Each structure stands twice: as C-alpha cells, then as structure tokens.
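The values are calculated or read from the model by the stated rules, or taken from the named source; none is laboratory data. If you're wondering where the values come from, they're calculated on a predicted model, not measured in any experiment. Methodologically, a virtual Cβ is constructed for each residue, glycine included, from the backbone with ideal geometry; neighbour enumeration extends over all protein chains shown.
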Amino acid sequence: MIDIGVNLTSSQFDADRHRVVERAKEAGVSAMVLTGTDLDSSVAALSLARQYPGYCYSTAGVHPHDAKTVDDLSLPVIRELAQHDEVVAIGECGLDFNRDFSPRQQQEAVFEAQLSLAAELNLPVFMHCRDAHERFSDIFRPWQDKLPGAVLHCFTGNEDELNACLDMGMSIGITGWVCDERRGADLKALVSKIPADRLMIETDAPYLIPRDLKPKPKTRRNEPCNLPHIADRIAQCRDEKYEDLITFSGENSRRFFAI
C-alpha cells in the first residue's frame, strides 16, 4: 500500500524519523510520497526522499497557508526541485478559506502559478481545498486538460463537491478523517461513491491520527504505519475486501505518480 501524503519533514518526527520509516515498512507500507508545503520543506522532502531511494518520493510546492511567503510567481525554487527524479508532483497547492493564513488573492495567484508550472513540466498536482470549493474549481477548471493528473488530497467535502471534483477528472485522497466518529460521518457515506480507479489513501501524518485506534495511542502524532487501519476502515465503508482496496489504490498511486 502507498501513503500518498506524509509530512515527514515535520519537527514532530525529529527525534525518531528513521524509526517512523521503519515502522511504516513493517506495517506493509510499500512507498510514501513526502509532502512539500513551502520552499524549505520542499527542499527537505527531496533530501529525505533521497535517503530512502525507491521507497520515498516527494512533492514540491507551496501550501495556501504559505502563499504569503511567495514573492516570485515564476517559482524558481519549485521549478528547480521538479527537475529531480524523486519529485513526482507539484504541490501541496490550492486554497484554504477556512483559516486564511494567507490573503485569498495571494492564495489564488500562487495556486494558479503552480498549476501553470505543473502543466509546463507535465507533472501531476497534489492539491488542498478547504472551504473554497467554488473558487478552487474556477481556477482549476481551465487547467484540467493540460495536466497529466490531479489529486485532491484529504478530501472532506460534501457529495456535490465530490461529484464536481470527479467531473473535473480529479483523483481523491482519503485520510483517517474517515475514522472520526464525529467529523467523519458524512465522509464515510461518500467514499463508496469514489470510482475505484480514482481512489488513493494517505495518513497526512503527523496530522489526523485515526480516532478509533485501539489501544488508544499515548500521543496525537499520526504515523504512516497507521495506513493499514485507515485502509481497513475505507474498505468497510465501500463494502470491499481489504486486499482489493490495497491493490487498486496502490496501482492508482503508482500510475498517478509514475513510481
């Protein structure tokens, strides 16, 4: 199984990063895509991917929270990083109108700049959208036929938003949000509506630890080794065999990221 969203550069992993990777391997995770969320973390993600060749890959991009840090929309650092074989997607990019850590106009400009760069470099995009579906769709739609692939990671939207994303050709990343008996109830009902060839799985570690893990973890830090638990919950929601979900989601991820 492949974890398409791991924030392995997070300081939460500073004390035991190698063991985190080893635990993922022991749990059956066969590859991980390390998320770049700003210029520094994108550089760091590539460096980490190089430490685990053939197992870890990385993205290069700027999260909407960090859009305010971008002063050159030609994105020279991201462009340079994307030349390396370990970098398999542009992102994490998109819009976040829930927290508005960056001005919305700047978020939109940086999102479109990354879509343009991905199209130019023929790389897929790894995207984020929170409370911004309409503007997100308006910006993405002109690029949908110019990109080799697009995945909306950590999907938590409603059915109309899911259908719109699927209509725009996106793949969908599902996290441990589906394991949350409070916030994840609606998502549990929606995951069965995702076509098998568009579904990918992820932890978004160290965030979004599955709330239904037993025994209850001593910390709130999520790890890639929890991906089998998330996959099992998704399979239950879809009324599918766990092994089948692992097979097709893994195939989707390998095809999408060309790994």
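Just one of the numbered conditions (1) among the aliphatic types (A, V, I, L, M); (2) part of a strand (DSSP E or B); (3) surrounded by fewer than 17 Cβ atoms within 10 Å (Cβ to Cβ) is not true of A89; which one?
Every condition holds for A89 apart from (3).
Out of region 164-180, which residues are part of a helix (DSSP H, G or I) and either in contact with a Lys or Arg (Cβ under 7 Å, 6 or more places away or on another chain) or in contact (Cβ under 8 Å) with a residue 12 or more places away in the chain (or both)?
A164, C165, L166, G176, W177, V178, C179
Can you tell me which residue is surrounded by the most Cβ atoms within 10 Å (Cβ to Cβ) among those in region 1-34 that are part of a loop (DSSP other than H, G, I, E, B) and without any contact (Cβ under 8 Å) to a residue 12 or more places away in the chain?
Checking each candidate, the answer is D16.
Condition check ((1) more than 26 Å from R130 (Cβ to Cβ); (2) at pLDDT below 95) across all residues:
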residue	(1), (2)
T9	no, no
S42	no, no
A45	no, no
R50	yes, no
D71	no, yes
E80	yes, no
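Quick check, is F101 in a loop (DSSP other than H, G, I, E, B), closer than 18 Å to R198 by Cα and of a type in the set (A, V, I, L, M, F, W, C)?
Spelling it out, it is not the case that F101 is in a loop (DSSP other than H, G, I, E, B), closer than 18 Å to R198 by Cα and of a type in the set (A, V, I, L, M, F, W, C).
If only one of I234, I201 is of a type in the set (A, V, I, L, M), in contact with a helix residue (DSSP H, G or I) (Cβ under 9 Å, 6 or more places away or on another chain) and closer than 29 Å to D85 by Cα, which one is it? Full working, then the answer.
On the way: I234 fails: closer than 29 Å to D85 by Cα.
Result of the check over I234, I201: I201.
Residues of region 47-70 being outside any loop (DSSP other than H, G, I, E, B), over 19 Å from the mean Cα position of the chain (by Cα) and not polar (S, T, N, Q), which ones? Outline the logic, then answer.
First, the residues of region 47-70 that are outside any loop (DSSP other than H, G, I, E, B): 47-51, 56-60, 64-69.
Applying the additional criterion that residues be over 19 Å from the mean Cα position of the chain (by Cα) yields 50-51, 68-69.
Passing the criteria: R50, K68.
Look at L73 and say whether it is surrounded by fewer than 24 Cβ atoms within 10 Å (Cβ to Cβ) and assigned to a loop (DSSP other than H, G, I, E, B). Let's see the steps before the verdict.
Details: surrounded by fewer than 24 Cβ atoms within 10 Å (Cβ to Cβ): yes; assigned to a loop (DSSP other than H, G, I, E, B): yes.
Yes; evaluated as a whole, the condition is true for this residue.
Listed residues R183, R255, R233; which is in a loop (DSSP other than H, G, I, E, B), of a type in the set (K, R) and out of contact with any Leu (no Cβ under 7 Å at 6 or more places or on another chain)?
After ruling out the rest, the residue left standing is R183.
Considering region 208-226 alone, what residues qualify as being more than 16 Å from F155 (Cβ to Cβ), buried (at least 17 other Cβ atoms within 10 Å of the Cβ) and in contact (Cβ under 8 Å) with a residue 40 or more places away in the chain?
Selection gives N222, E223, P224, C225, N226.
Identify, please: which residue in region 82-102 is of a type in the set (D, E) and without any contact (Cβ under 8 Å) to a residue 24 or more places away in the chain and is, among those, farthest from R130 (Cα to Cα)?
The selected residue is D85.
Of the residues F111, F140, only one is buried (at least 22 other Cβ atoms within 10 Å of the Cβ), in contact (Cβ under 8 Å) with a residue 40 or more places away in the chain and not β-branched (V, I, T); which? Don't jump to the end; show me each part of the working.
Working: F140 fails: in contact (Cβ under 8 Å) with a residue 40 or more places away in the chain.
Matching residue, one of F111, F140: F111.
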